[in-house]
2 protein chains.
Amino acid sequence: MSKIKVTSTNHANKQDLAERCVEVYAAQTIGGQWALVISCWLMHGKLRFGELKKLLPNITERMLTLQLRKLEADGIVTRTVFAEVPPRVEYELTPIGYELKPVLDQLEKWGDKHKKLRQK
Amino acid sequence: MSKIKVTSTNHANKQDLAERCVEVYAAQTIGGQWALVISCWLMHGKLRFGELKKLLPNITERMLTLQLRKLEADGIVTRTVFAEVPPRVEYELTPIGYELKPVLDQLEKWGDKHKKLRQK
DNA sequence: GACATTACTTACATTTTTGATAGTATATAA
DNA sequence: TTATATACTATCAAAAATGTAAGTAATGTC
C-alpha cells in the first residue's frame with residue numbers, strides 16, 4: 001500500500017523535518033493534493049464516498065480512496081461501512097479532525113489577503 | 001525553470017482546486033518540502049543563504065535555491081544581493097510573508113495536539 | 001438471467017518533486 | 001599565482017505523487 005522507499009534520502013529528510021518542526025509535521029499530515037479540500041467539505045458534516053466524488057468532480061476514485069485512507073490512518077476521519085447492497089460508506093471528521101477548523105480559517109484568511117495582493 | 005506540463009490533468013486539477021478553495025490556494029503557495037521550515041526560520045528575521053543552509057543541514061543547495069526562488073516569485077520573501085566578493089545574499093520575509101505567523105501558530109497548535117494523541 | 005448500483009481494487013503510465021554531483025564567477029588574501 | 005569563500009547553475013537520476021482504464025462483489029429489480 002505504501003510506495004515510499006524507507007531507505008531514500010527524501011524519506012529521511014521528511015521524517016527529520018517533521019520531528020524538528022511541528023508545523024511541518026502538521027503540514028505533512030494534511031498534505032496531499034486533495035486532503036485539504038476533503039477536510040473542508042467534511043467540516044460541514046459527514047459525507048458518503050459518492051457525495052465527496054460529486055463535490056470533487058475531477059478526482060478519480062483511486063485518489064479519493066487513497067486520500068481518505070490516509071486521513072483515516074492519521075486519525076483525522078472515521079470510516080463507517082453499512083452492511084447494505086449497494087454498499088454505503090460514510091466519512092466523518094474525528095474530534096481532532098474537527099479541530100483543524102482554526103487552521104483552515106487562518107489559511108483562508110491569509111490566502112485571501114495574498115490573492116488580493118497578487119491581483120493588483 | 002518550470003518543469004510543469006501545462007497540458008497535464010494534474011496541473012489542471014491543481015489550478016482548479018486553488019481557484020475554488022482559498023485554503024488550497026494558500027497551502028499550495030507555502031507548499032513544497034522545505035518552504036514551511038524556511039518560513040519558520042525567517043520569522044525570526046532575515047538570513048543569508050549560507051545561514052539557512054546551516055539551519056537545514058540536510059537540504060541541498062539546489063533545493064534551497066529552488067524553494068527560495070519560489071517563495072520570492074510568490075512575494076513571500078525578498079532577496080537582497082550585496083555587490084561583494086564573496087557574494088552576500090539576504091533573504092527576508094515580506095509583509096505578507098510575516099503575516100503567515102498566525103497560520104504557523106495554528107499549525108503548531110494542532111500539530112502538538114495531534115502528536116500527543118498519536119503517542120498514546 | 002441480465003442489469004444497475006456503490007465503493008472500491010489492481011496494474012500500469014505519466015507527471016512532478018527531490019537528490020547527487022560537478023561545475024561557475026570573482027574579488028581578495030596568502 | 002594560487003587558494004578561498006559564497007551563492008549559486010546545470011545535468012542527470014531517483015523517488016514520489018497522481019492519473020488512466022479496467023475490473024470486482026453482492027444484492028435487489030426488471
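For peptide A:31-40, how many partner chain Cβ atoms fall within 10 Å of a residue's Cβ, on average?
Going residue by residue through A:31-40 and averaging, the value is 4.
Residue by residue through B:84-97, how many Cβ atoms from other chains fall within 10 Å of the Cβ on average? Numbers along the way, then the final one.
Values: counts 0, 0, 0, 0, 0, 0, 0, 0, 0, 0, 1, 2, 6, 1.
Mean partner shielding for this stretch: 1.
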Next on the checklist: Give the residue list of trypsin sites (Lys or Arg not before Pro) in the range A:1-81 that are DSSP loop and have at most 12 other beta-carbon atoms within 10 angstrom.
Outcome noted: A:LYS3, A:LYS5
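Work through the residues other than A:LEU47 whose Cβ is under 10 Å from its Cβ and net out their charges, Lys, Arg +1 and Asp, Glu -1.
Working: positive: A:LYS46, A:ARG48, A:LYS53, A:LYS54; negative: A:GLU51, A:GLU90, A:GLU92.
Neighbourhood net charge equals +1.
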Checklist outcome for this item: Between B:HIS44 and B:VAL89, the two model label points (7 Å from Cα along the beta-carbon direction) sit apart by a distance in nm of 2.2
Checklist entry - Between copies, how close do the A:HIS44 label points come, placed 7 Å along Cα→Cβ, listed in nm from shortest? => result 4.3
Checklist entry - Counting pairs on different chains as well as pairs 8 or more places apart, how many Lys pairs in chain A have Cα atoms under 26 Å apart? => result 21
Checklist outcome for this item: Rh (Kirkwood, all Cα-Cα pairs) for chain A, Å, reads 16.1
Checklist outcome for this item: Among the range B:50-80, those whose backbone N falls under 12 Å of a label point 7 Å along Cα→Cβ from A:THR9 are B:58-64
Checklist entry - Given label points at 7 Å from Cα along Cα→Cβ, what nm distances, shortest first, separate B:ARG88 from the same residue in every other copy? => result 6.9
Item to check | Qualifying GluC sites (Glu not before Pro) for the range A:8-96 [loop in DSSP, other Cβ within 10 Å: at most 11] | outcome: A:GLU84
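Any number yet on Rg/Rh for the protein assembly as shown, C-alpha, Kirkwood? Kindly include the intermediate steps, with their values, before the conclusion.
Working: Rg = 19.1 Å, Rh = 19.3 Å.
Expressed as Rg/Rh, it is 0.99.
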Checklist entry - To the nearest 10 Å², what's B:ASP112's accessible area with a 1.4 Å probe? => result 60
Checklist entry - Based on DSSP H runs of at least 4 residues, each adding -39500 (n - 2.57), what is the mean residue ellipticity at 222 nm of chain A after dividing by all its residues, to the nearest 500 deg cm²/dmol? => result -17500 deg cm²/dmol
Checklist entry - Taking each residue of A:7-19 in turn, how many C-beta atoms of other protein chains fall within 10 Å of its C-beta, and what is the average? => result 2
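The values are calculated or read from the model by the stated rules, or taken from the named source; none is laboratory data. Given the structure is predicted, the values throughout are model-derived calculations rather than measurements. Note that each Cβ is placed from the backbone with ideal geometry, even for glycine, and that neighbours are counted across all protein chains shown. In case anyone asks, the SASA skips ligands and DNA or RNA and just uses the protein heavy atoms, side chains included. Shrake-Rupley method; radii C 1.70, N 1.55, O 1.52, S 1.80 Å.
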